[in-house]
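Before any comments, here is the structure.
The values are calculated or read from the model by the stated rules, or taken from the named source; none is laboratory data. The shown structure was predicted, so the numbers you read here are calculated from the model rather than taken from an experiment. All Cβ positions, glycine included, derive from the backbone under ideal geometry; neighbour counts span all protein chains shown. We work out accessible area using only protein heavy atoms, side chains counted, and drop any ligands, DNA or RNA first. Shrake-Rupley method; radii C 1.70, N 1.55, O 1.52, S 1.80 Å.
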Amino acid sequence: MRFNPGGRAAALSLILAASLAGAPAHADVDVAGVRVPEQLAEGGHMLTLNGAGLRTRFVVKVYVAALYVTTKTHDAATIIGSTEPRRIRLQMLRDVDSKSLDGALQDGLRDNTPSQALAALKEPAERLSRLMADIGAAREGDVIDLDFDARGVAIASNGKPRGRIDDPAFARALLRVWLGDSPAQASLKKALLGN
């Protein structure tokens with residue numbers, strides 16, 4: 001048997017190409033200098049990045065938001081109405097005190113929820129305010145995760161669980177802060193929907 005260096009190299013190239021073809025391509029996304037992972041594991045589920053974008057207030061960069069879902073879609077209503085796990089991750093680009101952060105969320109709830117429905121959500125909205133106060137000031141680089149499921153929403157800061165609000169209607173209302181008809185920022189909604 002003769003040694004054929006060219007044949008061996010060709011065989012190795014084929015093996016490498018075959019193994020790479022089967023490997024998933026997970027390219028992280030860069031938004032305003034923040035690395036946004038393509039996938040996250042949450043509660044035994046693999047979540048895929050649906051979209052990510054920058055939240056600005058006037059000209060100030062406030063945070064990078066990323067939306068993770070089990071199945072990608074461009075339809076906001078599908079994401080809001082889903083009972084599958086979903087996550088909104090906020091990576092802070094500047095310091096924001098808890099009152100300002102809670103105020104923005106409460107404004108978003110008011111802007112995207114009919115007044116009668118909003119009145120029914122008073123208790124979970126107050127619970128959200130208490131959770132935001134417990135988190136305190138969000139510093140540049142901090143990460144706030146809002147994990148949505150069939151029961152409601154769980155909130156964590158920098159990987160530390162802060163509490164849950166078990167109210168599916170409130171969870172849908174909170175998602176509408178970013179994905180509703182009057183979102184916090186139209187360009188951010190578009191980015192989160194992958195458009």
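If you take every residue apart from residue 175 with its C-beta less than 12 Å away from the C-beta of residue 175, what net charge results, scoring Lys and Arg +1 and Asp and Glu -1? It would help to have the intermediate numbers written out before the result.
Values: positive: 86, 87, 172, 176, 189; negative: 147, 149.
Here the count lands on +3.
Distant-in-sequence amide contacts of residue 194, defined by a placed amide H-H separation under 5 Å and a gap of 5 or more residues or a different chain, comprise 52.
Please quote Rg/Rh for the chain to two decimal places, taking the Kirkwood radius as Rh and restricting both calculations to Cα atoms. Walk me through the intermediate numbers first.
On the way: Rg = 20.7 Å, Rh = 18.2 Å.
Value, to two decimals: 1.14.
Placing a label point 7 Å from the Cα of residue 32 along the Cα-to-Cβ direction, the residues of segment 79-102 whose backbone N falls under 20 Å of that point are 87-102.
Taking every alpha-carbon pair under 8 Å whose residues sit at least 6 apart, segment 105-195 reaches a relative contact order of 31 percent.
If you count Lys pairs in the chain whose Cα atoms are under 28 Å apart, skipping same-chain pairs closer than 8 places in sequence, the total is 15. Helical runs (DSSP H, four residues minimum) scored at -39500 (n - 2.57) apiece and divided by the length of the chain put the mean residue ellipticity at 222 nm at -12000 deg cm²/dmol. Just so you know, the averaged projected area of the alpha carbon convex hull for segment 58-116 sits at 5.7 nm².
On full extension of the chain, what length is gained from residue 134 through residue 58, given 0.36 nm per residue of separation minus the C-alpha to C-alpha distance? Intermediate values should be presented prior to the final figure.
On the way: separation 76, 0.36 × 76 = 27.36 nm, distance 2.71 nm.
Full extension from residue 134 to residue 58 adds 24.6 nm.
Solvent exposure of the chain amounts to 55 Å² per residue of accessible area, where only protein heavy atoms count and the probe is 1.4 Å.
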